[in-house]
Amino acid sequence: MSSHISSLPEKIDYLIVGAGFAGIVLAERLASQCGKRCLIVDRRNHIGGNSHDGKNSDGVLAHTYGPHYFRTNSDRIIDYLSQFTEWHPVEYQILSWAEGRHWQFPINLNTFEQLLGRPSTTEEMEATLATWRVDIPVPKNSEDVIVSQVGWKLYELFFKNYTRKQWRRDPKDLDPSVCGRIPVRTNRDNRYLSEKFQALPKEGYTEMFKRMVDHPLIHVSLLTDYRDLPPSLSYKHMIYTGMIDEFYDFRFGPLPYRSLRFEPETFDVEFWQPALQVNYPNDHEFTRIVEVKHATGQEHPKTTIVREYPEDFGPGKEPYYPIPAPDAKAVYSQYAALADKEMDVSFVGRLATYRYYNMDQVIGMALAEFESLKSRYTI
Ligand code: FAD
Ligand code: UDP
């Protein structure tokens, strides 16, 4: 891996902008399956994009940009990544802190029992929710999607303020998919996520990424913005995984994004909080405290927690989240119409397609783009 533009290869087939999941999966496929020369550039000083991890100065394995819980229902994606990593199976379990106590979250029968202060049953929970639910046949926003499942009380306890804090928007002004990501269950399943495969790369994401780019036809140049590449560098096709509005010099105006500030703290104890993640819907300026050591399985006398503060996106900030909302989608569709016409550029990944996608969805998108490029250029 190099971080010097001067050491770039002379001849490449693909210029890949961004060394996150989207860029790395495509480089790996194009090099190993089609013998294509790929140059990956990233303006950051590491590979892995937002999925990067590594040991901090105390030796604790931490996720650099917030918790990254790998999960998928796709055997194809599991088989693909399993070429580059073994897995550490983990069921991600989290808690929510509200009204001065920890609650089991996402909402399930255990949460309902905490609310009642006595044992209950699935039947009783279902009957009660039926009386709390607001009748909204087709939820149109993130408020609708929650109140139509659990009613106002639980919406206000767990969702309303967390969402306002995270997005600086009312849940009414966000697509149903945002809060609709969170499952509501009437059994005792405490897992945060519902996908059948839930695990972390055994030695971390970065070790897996290193193996994926370890190919003689893949060259990685860090601390390199693609706009600073010499004009003499020629390539057949570009794969772009950065912000689509930036690619087009913001000609239809900037797309909205949300950013975050991560505040880590390390303690001289094995574990600091009772769960991997504790959400704070109504208290504090941060949304959650994550202690990823609960999930990585690392044995270490110290532990690191990270407080996550939502921030507006602007100069010097990372665009962590596209904002799934009708107004943002309207701007994006103007950029997407330009992107559709590009013959020599593929737009892949969370920022280039302005989608609130998880890692497995981005991998799926990259694998699909590989198939499409293969049929265009090699058959
Ligand atoms: P990125 O990882 O963003 O990579 C794009 C790269 O392009 C960046 O490294 C950037 O520096 C580079 N780049 C941009 N412009 C340029 C340029 N002009 N020149 C050079 N380089 C450029 N997913 C899950 O599945 N589970 C989770 O638990 C989870 N938690 C998350 C928590 C947070 C806080 C965030 C922000 C995301 C989370 N995700 C999670 C989503 C996951 O991070 C993304 O799905 C994934 O990282 C997207 O990969 P990507 O390659 O599309 O983009
Ligand atoms: N959410 C909430 N309360 C919670 C957890 C989530 O209101 O305790 C809402 C909030 O709008 C959040 C969204 O659900 O942004 C998705 O949550 P998730 O934990 O999946 O977010 P991510 O890990 O992507 O930041």
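Rule-based calculations on the coordinates, nothing more; no lab input. On a predicted model such as this, the values are computed, not experimentally measured, just so you know. Positions of Cβ are generated from backbone atoms using ideal geometry, with glycine treated the same way; all protein chains shown enter the neighbour counts.
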Counting other C-beta atoms within 10 Å, and keeping those with at most 15, which DSSP coil GluC sites (Glu not before Pro) do you find in segment 281-335? 285, 299
Counting each DSSP H run of 4 or more residues in the chain as -39500 (n - 2.57), what helix-only mean residue ellipticity at 222 nm follows after dividing by all residues, to the nearest 500 deg cm²/dmol? -9000 deg cm²/dmol
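For segment 1-66, calculate the relative contact order in percent as a whole number, restricting contacts to Cα pairs under 8 Å that are 6 or more residues apart. Before the final figure, lay out each step's value.
Values: 79 pairs, mean separation 19.0, N = 66.
It comes to 29 percent, rounded to a whole number.
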Given the candidates 321, 234, 62, the one whose Cα lies deepest towards the positive end of the charge dipole of the chain, counting +1 at each Lys or Arg C-beta and -1 at each Asp or Glu C-beta, is 234
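From the convex hull of the Cα coordinates of segment 23-128, what is the mean projected area in square nanometres?
Numbers: hull surface 47.2 nm².
Result: a mean projected hull area of 11.8 nm².
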Please work out whether the chain counts as rounded, prolate or oblate from its C-alpha gyration tensor, where a ≥ b ≥ c are the square roots of the eigenvalues and a/c under 1.5 means rounded, while otherwise a/b larger than b/c means prolate and anything else oblate? prolate
Would you please give the FRET efficiency between residue 228 and residue 156, computed as 1/(1 + (r/R0)^6) with r the Cβ-Cβ distance and R0 = 51 Å, to the nearest 0.05? 0.55
What shape does segment 1-78 have by the C-alpha gyration tensor, where a ≥ b ≥ c are the square roots of the eigenvalues, rounded means a/c under 1.5, and otherwise prolate means a/b greater than b/c and oblate the rest? oblate
Taking 8 Å as the Cα distance limit and 6 or more residues as the minimum spacing, I'd like the relative contact order of the chain as a percentage. 26
Using a basic spin-label model with each label point 7 Å from the Cα along Cα→Cβ, how many nm lie between residue 340 and residue 311? 3.7
Under 13 Å from a point placed 7 Å out from the Cα of residue 215 along the Cα-to-Cβ direction: which residues of segment 16-41 have their backbone N that close? 16, 23-40
Taking R0 as 45 Å, what's the FRET efficiency between residue 374 and residue 122 from their Cβ-Cβ distance, rounded to 0.05? 0.40
The chain - share of DSSP beta bridges that are antiparallel (%, nearest 5): 60
At what distance in angstrom do the alpha carbon centres of segment 201-265 and segment 128-182 lie from each other? 34
Using a/c under 1.5 as the rounded threshold, could you call segment 293-379 rounded, prolate or oblate? The axes a ≥ b ≥ c are square roots of the C-alpha gyration tensor eigenvalues, and prolate needs a/b larger than b/c, oblate otherwise. oblate
Mind giving me the nanometre distance, one decimal, between the label points for residue 188 and residue 246, set 7 Å out from Cα along Cα→Cβ? 4.8
Once both labels are modelled 7 Å past Cα along the beta-carbon direction, what's the residue 7-residue 130 spacing in nm? 6.8
Taking a 20 Å limit on the Cα-Cα distance, which of the listed pairs 160/317; 317/341; 196/374; 55/202; 55/196 fall beyond it? 160/317; 317/341; 196/374; 55/196
Can you work out the PRE-style zone for residue 86? Point 7 Å along Cα to Cβ, and I want the residues of segment 189-227 with backbone N under 13 Å. 201-204
